[in-house]
């Protein structure tokens, strides 16, 4: 029998790092795969530069609440997010760390930690704004909760006005993330 899917995810970072749009993409990818999803954003008092996070749930079964208090996965894009969310990742869970902006190291032995140079890789791809896509690709590659193809398809719906070359760059960033998760 196939394992039941339930992924409670926290994505967090500075406003402007695309954490909220990354959450929307995950939720939309789940919808495209006929999964049950929820998405719940949270903003600090100032959006760009302040803190932002969102909760996403992707499940095979009905989602009882959009609030994720103990995530199976946390994607942290900055130091304050690491401090806040690293301690609450569930035992056996996954922590994706943007090591470009985070110097702290997890001492936890009960979770998997993927340290990825999201900003550095994004710069090599030519646009620092795709750092969030690298982290999303790592999430998709490691957890298989949604496919990269579904995230790429979701981009067409979420970023309706994006030029084809922007969508292609985002897809390339997703694929970089998948490769790093292996």
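Brief remarks on what is shown
- For region 6-181, the antiparallel share of DSSP beta bridges with both residues in that region comes to about 55%.
- Residue list for region 3-33, given a label point 7 angstrom along the Cα-to-Cβ vector of residue 160 and an amide N cut-off under 16 Å: 25, 28
- The calculated FRET efficiency for the pair residue 110 and residue 179, based on their C-beta separation and a Förster distance of 41 Å, comes to about 0.95.
- Helices in the chain, meaning DSSP H runs of at least 4 residues, each add -39500 (n - 2.57). Divided by all residues, the mean residue ellipticity at 222 nm is -12000 deg cm²/dmol.
- Shape parameters for region 97-176, alpha-carbon atoms, Rg then Dmax in Å: 13.6, 43
- Taking only the C-alpha atoms of the chain, Rg followed by Dmax gives 14.9, 47 Å.
- Taking other Cβ atoms within 10 Å as a rough exposure proxy, 35, 182 sort from fewest to most as 182, 35.
A short reminder: the numbers here are calculations on the coordinates, not readings from a lab. If you're wondering where the values come from, they're calculated on a predicted model, not measured in any experiment. When we count neighbours, we look across all protein chains shown, and the Cβ atoms used for this are built from the backbone with ideal geometry, even at glycine.
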